[in-house]
Amino acid sequence: MKPLLLLSHVQKRYTSHGLSVPVLHDLNLTIDPGEFVTISGSSGSGKTTMMNLLGCLDTPDSGTYLLDGADVSALSEKELSHIRNEKIGFVFQGFHLISCLTALENVELPLRYRGISREKRHKLAQNALERVGLSARMHHLPAELSGGQQQRVAIARAVAGAPPLILADEPTGNLDSASGAEVMKLLTELWKNGATLILITHDPAVAAAAPRQIRISDGAVISDLRL
């Protein structure tokens, strides 16, 4: 089986106040299609930088990152944007919904950027919202939805185009415990139905939900547990 993600000797540094600060050190990681992986670590461990690299929001300074066979390091910004739109469904802690658009319109928006016809994207968005249990709330604005419902809209937006990878960054971070549990149940169901899910978290309880649990510290993998 060809890996969905392959990182080989990846390094990343940032410059702060004229100093070059190493963030990721000789990172090697392989994730296969259909895996559910959590990546955890304390504040400053490199989680955010790693998420940015995995999501093609940034590129490594050295080393190789292959996503579905494409060498991310060699791509232009336009090509990276295309990869993000076609290959990755993002779920963020802050929902990132557009306040003046309904739930349905928020889910449709990335599909519109992909050039999908109005009729087809409307149907895909409807189906995605039905999958997350929001068929009765499609025409509501984000302000008319609870935090848990807004995160479900964000999940519907992430999966509507059937990307091979769902990348969730602290998806329960802004939710109460009950809503967080609902979101985790939904993400787990999506994985069981064939999605590849990478979930980045600082919460040990959330990290423990996955059959593969990676911990990083000081920009390096310190454990990779498979249950």
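Observations
- Residues located in segment 112-132, provided they are surrounded by fewer than 16 Cβ atoms within 10 Å (Cβ to Cβ) and without any contact (Cβ under 8 Å) to a residue 40 or more places away in the chain: Arg112, Tyr113, Gly115, Ser117, Arg118, Glu119, Lys120, Lys123, Asn127, Glu130
- Matching residues, segment 37-69, being within 19 Å of Gln93 (Cα to Cα) and either open to solvent by 50 Å² or more (accessible area, probe 1.4 Å) or small (Gly, Ala, Ser) (or both): Ser40, Gly41, Ser42, Ser43, Gly44, Ser45, Gly46, Thr48, Gly55, Leu57
- Pairs, first more than 19 Å from Lys87 (Cα to Cα) and in a helix (DSSP H, G or I) in segment 160-188, second among the basic types (Lys, Arg) and open to solvent by less than 60 Å² (accessible area, probe 1.4 Å), C-beta under 6 Å, six or more apart: none
- Failed condition for Val72, given (1) open to solvent by less than 30 Å² (accessible area, probe 1.4 Å); (2) closer than 30 Å to Ser217 by Cβ; (3) in contact (Cβ under 8 Å) with a residue 24 or more places away in the chain: (3)
- With respect to being at pLDDT below 95 and under 16 Å from Ala195 (Cα atoms), Ile88 fits the description.
- Members of segment 205-224 found to be open to solvent by 40 Å² or more (accessible area, probe 1.4 Å) and in a strand (DSSP E or B), listed by number: Arg215, Ser217, Val221, Ile222, Ser223, Asp224
- Positions within segment 191-204 being of a type in the set (Gly, Ala, Ser) and open to solvent by less than 40 Å² (accessible area, probe 1.4 Å), in sequence order: Ala195
- Leu167 fulfils the conditions (1) in contact with a Gly (Cβ under 6 Å, 6 or more places away or on another chain); (2) surrounded by fewer than 21 Cβ atoms within 10 Å (Cβ to Cβ); (3) not hydroxyl-bearing (Ser, Thr, Tyr) except for a single criterion, (2).
- For segment 9-36, filtered to residues that are among the charged types (D, E, K, R) and outside any loop (DSSP other than H, G, I, E, B), the residue that is most open to solvent (accessible area, probe 1.4 Å) is Arg13.
The values are calculated or read from the model by the stated rules, or taken from the named source; none is laboratory data. Only a predicted model underlies this, so the values are computations on that prediction, with no experimental measurement involved. Every residue, glycine as well, gets a Cβ built from its backbone with ideal geometry; the counts of neighbours run over all protein chains shown. Ligands, DNA and RNA are stripped out before the accessible areas are found, and what is left, the full protein with its side chains, is counted by its heavy atoms. Shrake-Rupley method; radii C 1.70, N 1.55, O 1.52, S 1.80 Å.
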